[in-house]
Amino acid sequence: MKVIKYFFIGFFLILVLILASGATWVYSQIDSSLPILEGKETLWGLNYTTFVERDQQGIVTIKAKSRTDLALATGFIHAQERFFQMDLLRRNSAGELSSLFGKAALNYDKKIRRHRFRERARKIIQQLPPAELALLKSYTLGVNQGIKSLKAPPFEYLLLNQDPVEWREEDSVLVVFSMYIDLQHDDGKRERTLALLHSVLSKEAYEFLNPKGSRWDAAIDGSQYSPSPMPSQVWSSATIAAQTPIFSEQEGHSIQDEYLPGSNNWAISATLSTTNSAIVANDMHLGLRVPNTWFRASFEYPVDSEIIKVTGVTLPGTPNIVVGSNGNIAWGFTNSYGDWSDIITLELSADKQQYLTPDGYKNFSYHRQVIAIKDQPSVGIEIQETIWGPVIGSNHLGELLVYRWVAHDSNAVNFAHTYLEQAQNVDEAFQIAARSGIPAQNMLIADKSGNIGWTIMGPIPRKKGKVGELPQSWASGENAWLGYLTAPEYPHIKNPQHQRLWTANSRVVGGDMYEKIGNGGYALGARAQQIRDNLLAKNKFNEQDLLTIALDDQALFLKRWQQFLLTQVLTDKAIKNNPLFTQAKTLLLAQQPLKASIDSVAYRLVKNFRLNVRDSIFSQLNTSLKNLDKHYQFSAIRHQIETPLWQLVSQQPDNFLLRPEASWQALFEKALTKTLTKMSDNQPLNEATWGQANISKIEHPLSKAIPFIGHWLNMPAVPLAGDTYMPRVQGQRFGASERMVVSPGHEETGIFHMPTSQASHPWSPYYRSGHSDWLTGKPSAFLPGKTQYTLTLLSY
């Protein structure tokens with residue numbers, strides 16, 4: 001027995017030793033992957049000594065003797081702080097995520113590979129102007145030396161049992177392509193959805209569901225477009241059903257996600273500013289994760305006899321400031337949602353082996369793609385292409401469809417954006433915007449002299465014929481893209497009469513400028529209108545005043561829905577013998593004005609009632625159309641659907657036979673019952689606050705893969721104020737990826753918020769630093785603070 005006892009004791013001690021040794025090794029690997037904050041590092045390719053200073057939050061100030069040295073240092077810092085994020089961005093657009101995550105990413109990679117972004121990135125690199133190429137080469141040198149200077153690879157690679165792959169110049173182009181995928185449709189889903197509606201419904205029903213304008217329009221030029229009238233003909237599912245094959249599986253129609261990648265920005269001229277300079281505010285709305293999309297930085301470098309000092313955010317994987325201020329101009333972006341892509345219907349030869357073009361029939365081209373899969377054999381796919389772009393499938397009539405997209409052209413990506421760092425005024429910024437290769441953005445600029453301006457930054461195609469929201473054949477040559485607009489043709493507005501500018505992903509302008517931009521799925525104008533009205537409410541603003549607009553969570557959009565509930569649904573007859581309805585009415589009356597505050601029960605009630613009414617009204621239509629074409633997506637048109645939805649709700653027409661209930665009142669009461677039942681599940685209704693439903697889930701992409709301790713990588717789960725259709729856009733995993741308010745020449749009084757932090761490493765001294773200011777709206781400085789760490793980069 002003693003022998004057995006000693007054996008087990010010895011075995012246990014050995015096991016403990018093995019586990020302790022393993023834990024020590026893992027600890028040392030994670031600890032060794034921390035970025036270098038202080039000391040000296042010698043870098044190949046650096047011409048002069050360069051200094052990297054970090055403040056308490058890890059915000060970097062890079063001081064270099066040349067722009068290429070600064071790019072090299074930026075690459076070094078990005079790699080040390082954010083290499084895994086950069087790796088995901090390049091793999092995302094290259095369709096190479098399967099080599100990192102295995103078969104789980106294969107379908108996504110197959111979908112993305114049809115764009116052949118890696119090949120396109122290589123071609124773009126070959127045509128970049130020498131100065132931009134030099135920046136990328138220096139940046140790439142810095143990235144690869146940054147990752148090699150770590151004592152161990154970033155901890156994510158330890159978890160994935162992978163090694164980092166070195167950076168190439170083309171990878172920075174792929175990072176920008178990932179932003180195209182995030183900010184524009186990569187699959188034509190909106191146009192395909194509109195095409196199906198147009199094919200199946202009457203003309204007046206189609207125009208009703210796809211209105212050109214609404215009461216929410218808030219264009220900066222004052223232009224207005226009217227909504228379409230209610231269809232006079234009977235709405236029936238019979239016409240649709242006659243064309244609808246029956247599938248064994250049907251997708252649920254409920255779509256609760258209201259968020260879309262976008263942003264808010266606004267600017268005021270010097271006549272309205274307490275700084276005597278113009279001021280710009282910007283909050284870019286994106287998916288929120290750990291680490292954040294952006295990395296804060298301040299650059300200092302000489303140009304001729306002048307020292308350029310520019311502060312803002314960078315996108316890891318690229319060498320420039322994305323939004324910020326250089327002392328002469330400040331600029332910010334919102335996604336433009338112009339029409340930057342089109343679907344082409346092909347006319348095929350009798351044997352279906354060729355397609356018709358203005359020059360006759362042509363053969364398809366085919367491109368072999370091989371997708372590497374972690375721990376499994378590679379998979380080969382073949383991409384079918386035309387002179388206009390890749391074949392993306394067929395419609396419900398069996399016609400082959402081709403995707404024409406700005407992202408496929410050689411001018412889709414460049415790094416002319418970098419010249420904003422040196423721009424002196426609004427007019428110079430306009431010129432830079434017109435030659436920049438990024439996903440087309442609404443750019444607002446404020447300059448030191450007090451001017452403000454709006455334009456589109458990014459390529460704008462010049463279109464011919466009936467090229468717009470619906471697929472067309474391009475076989476005859478009547479429909480086509482004829483290159484891209486030149487700088488003098490770009491839409492722009494400078495110093496409008498009211499001295500205010502605003503954009504929020506909705507239509508910005510009308511007339512000829514609108515015709516150039518088109519409609520790629522604008523947001524409803526409710527956010528823009530609320531921002532506009534806040535700007536018109538005062539005649540003098542400082543930075544805090546503009547931040548207050550960014551944090552506005554008033555639910556003006558839902559005000560009429562609240563009144564509709566009180567007056568049309570919660571009638572005396574409806575609430576009689578219905579305690580839940582009675583309680584709901586008491587809560588709605590008590591909480592006015594309606595706000596998306598964390599303690600509001602009324603907001604959650606009204607929001608969910610509207611969504612349930614919407615989903616119920618369009619349930620039969622959505623189910624029928626989804627059965628007809630699996631590519632139909634109600635989400636592609638959901639933002640403008642508020643206009644026809646409200647017309648149906650307020651007018652309650654008898655000819656809408658798609659209604660799933662016997663009467664409109666029955667539909668409303670059923671939607672309210674569903675709302676209240678869910679909200680009061682296992683709790684009193686008066687405790688079902690908006691904050692309870694809108695709890696942050698800002699997580700690291702690998703946190704769920706780490707048992708027990710993975711949650712430490714995530715940001716704290718807390719209730720969040722704000723929602724859609726108001727300036728303070730906020731969801732659980734979506735919202736302001738930054739908030740910036742700055743007046744050029746007065747950066748010291750500027751304000752900046754950023755969720756998560758600069759760091760991606762959980763042991764970093766500034767992990768989560770600054771996140772609480774973003775949560776609470778506390779003003780925090782735009783400029784970096786006092787230097788806490790200094791890293792000196794030396795040349796060979």
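Results for (1) surrounded by fewer than 17 Cβ atoms within 10 Å (Cβ to Cβ); (2) out of contact with any strand residue (DSSP E or B) (no Cβ under 7 Å at 6 or more places or on another chain), shown as yes or no for each residue.
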| site | (1), (2) |
| --- | --- |
| 454 | no, no |
| 459 | no, no |
| 477 | yes, yes |
| 482 | yes, no |
| 506 | no, yes |
| 514 | no, yes |
| 527 | no, no |
| 546 | no, no |
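How many of the residues making up the range 404-418 are in a loop (DSSP other than H, G, I, E, B), open to solvent by less than 10 Å² (accessible area, probe 1.4 Å) and out of contact with any Leu (no Cβ under 8 Å at 6 or more places or on another chain)?
Of the residues in the range 404-418, 2 are in a loop (DSSP other than H, G, I, E, B), open to solvent by less than 10 Å² (accessible area, probe 1.4 Å) and out of contact with any Leu (no Cβ under 8 Å at 6 or more places or on another chain).
Please determine, by comparing only the residues of the range 206-216 that are touching a Leu at 6+ places or on another chain (Cβ under 9 Å) and part of a loop (DSSP other than H, G, I, E, B), which one is most open to solvent (accessible area, probe 1.4 Å).
210
Give the range 560-581 a look and list any residue that's part of a helix (DSSP H, G or I), open to solvent by 60 Å² or more (accessible area, probe 1.4 Å) and over 14 Å from residue 650 (Cβ atoms), or say none.
Answer for the range 560-581, where residues must be part of a helix (DSSP H, G or I), open to solvent by 60 Å² or more (accessible area, probe 1.4 Å) and over 14 Å from residue 650 (Cβ atoms): 572, 573, 579.
A quick yes/no check of all residues on (1) open to solvent by 10 Å² or more (accessible area, probe 1.4 Å); (2) at pLDDT 95 or above; (3) closer than 18 Å to residue 441 by Cα:
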{"residue": "253", "(1), (2), (3)": "yes, no, no"}
{"residue": "262", "(1), (2), (3)": "no, no, yes"}
{"residue": "276", "(1), (2), (3)": "yes, yes, no"}
{"residue": "297", "(1), (2), (3)": "no, yes, no"}
{"residue": "305", "(1), (2), (3)": "yes, no, no"}
{"residue": "313", "(1), (2), (3)": "no, yes, yes"}
{"residue": "323", "(1), (2), (3)": "no, yes, yes"}
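Taking the range 690-714, which residues are in a loop (DSSP other than H, G, I, E, B), open to solvent by 10 Å² or more (accessible area, probe 1.4 Å) and in contact with a Pro (Cβ under 8 Å, 6 or more places away or on another chain)?
Passing the criteria: none in range.
Could you tell me which residue of the range 643-672 is least open to solvent (accessible area, probe 1.4 Å), considering only residues that are assigned to a loop (DSSP other than H, G, I, E, B), over 16 Å from residue 207 (Cβ atoms) and of a type outside the set (S, T, N, Q)?
This residue is 658.
Out of all the residues in the range 767-779, is one or more among the hydrophobic types (A, V, I, L, M, F, W, C) and part of a loop (DSSP other than H, G, I, E, B)?
Within the range 767-779 (the criterion being among the hydrophobic types (A, V, I, L, M, F, W, C) and part of a loop (DSSP other than H, G, I, E, B)), the answer is no, since none of the residues qualifies.
Taking the residues in the range 325-339 that are over 15 Å from the mean Cα position of the chain (by Cα) and open to solvent by less than 10 Å² (accessible area, probe 1.4 Å) as candidates, determine which candidate is nearest to residue 467 (Cα to Cα).
Filtering first and then ranking leaves 331.
Please tell me if residue 721 is of a type in the set (A, V, I, L, M), open to solvent by 10 Å² or more (accessible area, probe 1.4 Å) and not in a strand (DSSP E or B).
Taking the combined requirement at face value, the residue satisfies it.
Answer with yes or no whether residue 521 is touching a residue at least 12 places away in the same chain (Cβ under 8 Å), within 23 Å of the chain's Cα centre (by Cα), over 25 Å from residue 602 (Cα atoms) and buried (at least 19 other Cβ atoms within 10 Å of the Cβ).
yes
For the range 457-526, which strands (runs of 3 or more DSSP E) that fit wholly inside it have 1 or more residues that are within 13 Å of residue 344 (Cβ to Cβ)?
Counting at least 1 such residues, we get 461-464, 480-484.
Hey, among the residues in the range 760-796 that are within 27 Å of the chain's Cα centre (by Cα) and of a type in the set (Lys, Arg), which one's nearest to residue 69 (Cα to Cα)?
768
Filter the range 147-191 for residues that are surrounded by fewer than 17 Cβ atoms within 10 Å (Cβ to Cβ) and of a type in the set (Asp, Glu); which is farthest from the chain's Cα centre (by Cα)?
163
Take the residues in the range 358-393 that are touching an Asp or Glu at 6+ places or on another chain (Cβ under 9 Å) and among the polar types (S, T, N, Q), then tell me which one is least open to solvent (accessible area, probe 1.4 Å).
That would be 369.
Residue 347 versus (1) open to solvent by less than 50 Å² (accessible area, probe 1.4 Å); (2) touching a residue at least 40 places away in the same chain (Cβ under 8 Å): which is the lone unmet condition?
Tallying (1) open to solvent by less than 50 Å² (accessible area, probe 1.4 Å); (2) touching a residue at least 40 places away in the same chain (Cβ under 8 Å), residue 347 fails exactly one: (1).
What's the total number of residues in the range 100-119 that are within 25 Å of the chain's Cα centre (by Cα) and open to solvent by less than 40 Å² (accessible area, probe 1.4 Å)?
10
In the range 608-623, how many residues are assigned to a helix (DSSP H, G or I), open to solvent by less than 20 Å² (accessible area, probe 1.4 Å) and in contact (Cβ under 8 Å) with a residue 60 or more places away in the chain?
So the answer is 6.
Residues of the range 213-251 being farther than 30 Å from residue 502 by Cβ and modelled with pLDDT of 50 or more, which ones?
Correct list: 230, 231, 232, 233, 234, 235, 236, 237, 240.
The values are calculated or read from the model by the stated rules, or taken from the named source; none is laboratory data. Everything numeric here is computed off the predicted structure, so don't read it as measured data. Positions of Cβ are generated from backbone atoms using ideal geometry, with glycine treated the same way; all protein chains shown enter the neighbour counts. All accessible areas refer to the heavy atoms of the entire protein, side chains included, with ligands and DNA or RNA removed. Shrake-Rupley method; radii C 1.70, N 1.55, O 1.52, S 1.80 Å.
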